[in-house]
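Student: Provided herewith is a single structure, encoded as structure tokens, for subsequent inquiry.
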Amino acid sequence: MRDKKEEKEKPEIENEQNDSAFKEESILEDQAAEPELEEQVTVLKTALEEMDKKAEEYLDGWQRARAEFANYKKRVLRENMDIHQVSRGEVIKLYLDIADDLDRALQERPETGDGETWAEGIEIIFQKLRARLESEGIKPMNPMGEEFDPNIHEALMKEESEEFESGQIIEVIQEGYWIGDKVLRPALVRVAA
């Protein structure tokens, strides 16, 4: 019986030896494969870093393009508004001459007689025209007594004046007008020397 026990123990010992040999072989294989895996990991990390860089470049480019497009839209909108305001101003300028003529006619209006009634009608028409111009954003400058500014006034003459300081407007010959915050028509003025 002892022989049978020894025979049973022998295969177990051989199996253990085979297992340890297999484990050693696996470890050796793993150690041999480790440099290959490290090399693959390094290659993958490098590829990942390159992809991250490209993704950042694409994101940056996309954000710039988006900002440029938003700026473009704002610029086009502003330019269209300016074009609209200028074209509207050019049409309105034609009516300013009529308003000037009505104003001059009313300054010489008759005080009595049939002309008085007629002048009152002209004044009502003139007031309606002024109201319509103001509703369109057109405002008179009223520069009387102000300091002369060549950006918004046009000097027709300079003359000595005891009432006004040098450079002040002493008379408005033709009314100037604003359209929004821009000069539609400069005021024609006389300036104190």
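The values are calculated or read from the model by the stated rules, or taken from the named source; none is laboratory data. As the structure is a computational prediction, the values presented were derived from the model and not from experiment. Note that we place each Cβ from the backbone using ideal geometry, even for glycine, and neighbour counts take in every protein chain shown.
Student: Cβ-Cβ under 8 Å, sequence separation 6+ or interchain: first residue in the stretch 97-114 and among the acidic types (Asp, Glu), partner outside any loop (DSSP other than H, G, I, E, B) and surrounded by 13 or more Cβ atoms within 10 Å (Cβ to Cβ). Which pairs?
Tutor: Listed by first residue and then by second, the contacts come to ASP100/GLN174; ASP103/PHE126.
Student: While we're here: Every residue in the stretch 173-189 that is surrounded by fewer than 19 Cβ atoms within 10 Å (Cβ to Cβ) and either over 30 Å from the mean Cα position of the chain (by Cα) or in a strand (DSSP E or B) (or both), please.
Tutor: ILE173, GLN174, GLU175, TRP178, LYS182, VAL183, LEU188
Student: Among the candidates ALA99, ALA119, single out the residue that is surrounded by 10 or more Cβ atoms within 10 Å (Cβ to Cβ), out of contact with any strand residue (DSSP E or B) (no Cβ under 8 Å at 6 or more places or on another chain), small (Gly, Ala, Ser) and closer than 17 Å to ARG185 by Cα. Spell out the reasoning first.
Tutor: Values: ALA119 fails: closer than 17 Å to ARG185 by Cα.
Testing whether each residue is surrounded by 10 or more Cβ atoms within 10 Å (Cβ to Cβ), out of contact with any strand residue (DSSP E or B) (no Cβ under 8 Å at 6 or more places or on another chain), small (Gly, Ala, Ser) and closer than 17 Å to ARG185 by Cα leaves just ALA99.
Student: Another one. Being of a type outside the set (Phe, Trp, Tyr), at pLDDT 95 or above and in a helix (DSSP H, G or I) is true for just one of ALA99, ALA67. Which residue is that? Please lay out each step first, then the result.
Tutor: On the way: ALA99 fails: at pLDDT 95 or above.
Exactly one of ALA99, ALA67 is of a type outside the set (Phe, Trp, Tyr), at pLDDT 95 or above and in a helix (DSSP H, G or I), namely ALA67.
Student: Something else now. Based on this model, can you work out whether GLY113 counts as within 29 Å of the chain's Cα centre (by Cα) and more than 19 Å from GLU171 (Cβ to Cβ)?
Tutor: On the way: within 29 Å of the chain's Cα centre (by Cα): no; more than 19 Å from GLU171 (Cβ to Cβ): yes.
It is false that GLY113 is within 29 Å of the chain's Cα centre (by Cα) and more than 19 Å from GLU171 (Cβ to Cβ).
Student: Within the stretch 120-127, does at least one residue satisfy the condition of being charged (D, E, K, R), in the same structural domain as ASP100 (by TED's automatic domain parsing), farther than 14 Å from ALA99 by Cβ and part of a helix (DSSP H, G or I)? Write out each step before concluding.
Tutor: First, the residues of the stretch 120-127 that are charged (D, E, K, R): 120, 123.
In the following step, the residues that additionally are in the same structural domain as ASP100 (by TED's automatic domain parsing) were identified as 120, 123.
Next, from what is left, pick out any that are farther than 14 Å from ALA99 by Cβ: 120.
Subsequent filtering for residues that are part of a helix (DSSP H, G or I) retains 120.
Yes, there is a match, as at least one residue in the stretch 120-127 is charged (D, E, K, R), in the same structural domain as ASP100 (by TED's automatic domain parsing), farther than 14 Å from ALA99 by Cβ and part of a helix (DSSP H, G or I).
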